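Engineer: Encoded as structure tokens, here's the structure I'll be asking about.
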Amino acid sequence: MPTEITEKRTLSAFLAAQRASVLAIVDGLDTQALTTPVLPSGWTPLGLIEHLAHAERHWFQEVVTGEAEPVPWTDDHAPLTTPRSPEVVFAFYEDQCRRSDAVIARTPLSARPCGSHPEPLGEEFADLRGIILHVVEETARHAGHLDVVRELLDGRTGLGPR
């Protein structure tokens, strides 16, 4: 049976790999491509990156620790889109990932969340371990979405490291 340190390293490595995959998939896209809705639902690659930043913030700060600093803007735009620049969104994502990593580093895997997530998922996540696995799953799922959109935008495929 792995030790907590080994298990936490493994989970963190999978999370880091999925984050790197997301960033690799959109690497090289200009502002126009990042803000172009390609699918009928209307989301944009940059909006999806911002969504992933909010997911990191929600799960590791609001749910695990029970508190998060307010974001410096309101979200009064279409879902999975953003009026913010790529520089602002990528900096926000990097900052939220850094904060998530700090929460993971100082929190035991078996720690119960201090905050909560609305139902129906709220009760499914009893500890940090489950939350990390969920964020790995969510990040990987959205990396797949970005793969498809990247191919539709410029024909490039297989850009993520995994």
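Nothing in this text is a laboratory measurement; each read-out follows from the coordinates by a stated rule. Because the structure is predicted, anything quoted here is derived from the model rather than measured. Cβ coordinates were reconstructed from backbone atoms using ideal geometry, including for glycine residues, and neighbour counts include every protein chain displayed.
Engineer: Just grab the label-to-label distance for Ala16 and His54, each label 7 Å out from Cα along the Cβ direction, in nm (one decimal).
Structural biologist: About 2.8 nm separates the two model spin labels.
Engineer: Measuring from label point to label point, each 7 Å out along Cα→Cβ, what is the Glu124 to Glu67 span in nm?
Structural biologist: Each label point lies 7 Å from its Cα, and together they span 2.9 nm.
Engineer: Okay, moving on. Do me a favour and compute the ellipsoid semi-axes for the stretch 79-119 from its Cα gyration tensor, root of five times each eigenvalue, largest one first, whole Å. Walk me through the numbers before you get to the answer.
Structural biologist: Working: eigenvalues 145, 51, 6 Å².
Square roots of five times the eigenvalues give 27, 16, 5 Å.
Engineer: Next question. Please tell me the relative contact order of the chain in percent, rounded to the nearest whole number, where contacts are Cα pairs under 8 Å and at least six residues apart.
Structural biologist: Working: 187 pairs, mean separation 59.5, N = 162.
About 37 percent, as a whole number.
Engineer: Okay, next question. With angles folded into 0 to 90 degrees, how steeply does helix 4-26 sit against the dominant principal axis of the chain? Use alpha carbons for both and round to 10.
Structural biologist: The angle comes out at about 10 degrees.
Engineer: Let me ask another. How big is the stretch 1-65 in terms of Cα radius of gyration and Dmax, in angstroms?
Structural biologist: 15.5, 49
Engineer: Give, in whole angstrom and from largest to smallest, the semi-axes √(5λ) of the equivalent ellipsoid of the stretch 4-108, with λ running over the eigenvalues of the Cα gyration tensor. Write down the numbers at each step before the final one.
Structural biologist: Numbers: eigenvalues 139, 56, 23 Å².
In descending order the semi-axes read 26, 17, 11 Å.
Engineer: Once the Cα atoms of the stretch 63-134 are picked out, what are the Rg and Dmax in Å?
Structural biologist: 14.3, 38
Engineer: Right, another one. GNM on the chain, C-alpha springs below 10 Å: top fluctuator among Val22, Val88, Val63?
Structural biologist: Result for the chain, Cα springs under 10 Å: Val88 fluctuates most.
Engineer: If you place +1 on the Cβ of every Lys and Arg and -1 on the Cβ of every Asp and Glu, how big does the dipole about the Cα centre of the chain come out, in debye to the nearest 20? Please report the intermediate quantities before stating the final value.
Structural biologist: Numbers: 14 positive and 24 negative charges, 92 e Å.
So the magnitude is around 440 debye.
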